[in-house]
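Derivation of every value follows stated rules applied to the coordinates shown; laboratory data play no part. Just so it is clear, the structure is predicted and the values come from calculations on it, not from any experiment. Because the Cβ atoms are built from the backbone with ideal geometry, glycine has one as well, and the counts that use them run over all protein chains shown.
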Amino acid sequence: MLKKLNLICAIFSLLILCGCDKQGDKSSAVMKTNYYKLPIDEQNRLIAESKSQNLNSDEEGITPSIGEEATNGWTEEQSKEVHRIAETDTAEPNQCAKGVANILIEMGFATEAIRGHARDWDDRLANSPGWKKVSCQPGTCPPGAVLQYEDDSPQGTNGRGAQYGHVEIVTVVNGERSYCSDKCRSNSGGSVAHNFNRGGAWIYEGEI
């Protein structure tokens, strides 16, 4: 009788542990999904918190998706490199696609095959190894995300963006968010910001 009671207790304990593991996985998934939708200040707070706790996803079984090199979020040094290239690049005003291509190629995230009008970059990125489309908005996409905006259809005449679309890279330096192409700007979307929902955001998950 005592043996049976001990066996029942052991099974009950095992079921509780399994339930805890599943709950932990669920919390991890929620954190992974929602992190990049948070304001940048909140993202930075979580980064600092994760460092102080010295979380290790492989050893602890926790995947917070936060940190300087968290899933596809570029480090500040990489963001600074984008600014450096944009400041010295040969891309002229209104040559956003050339500017972004030059940055990605110099940093090792793309090849010459990426070049083309901004309105075509959704196809270019879809066919470029390592790039993945994600769901986020310009104000919350992680550093390093490439934002693509379609042209006005039927094509308008309000600047080159209306004819060719727009593309840019998200950076965060000293807590300040910028959008870089032929140069770095504090506002996103150029003249076709309203077309982001017909374009989208892409992040790099491949090897450099």
_How would 111, 75 line up from fewest to most surrounding beta-carbon atoms within 10 angstrom?_
111, 75
*Those residues of segment 160-194 whose amide nitrogen sits under 15 Å from the label point placed on residue 75, 7 Å along Cα→Cβ*: 172-174
*Beta carbons within 10 angstrom, averaged per residue: use that to sort the peptides 185-197, 166-178, highest first.*
166-178, 185-197
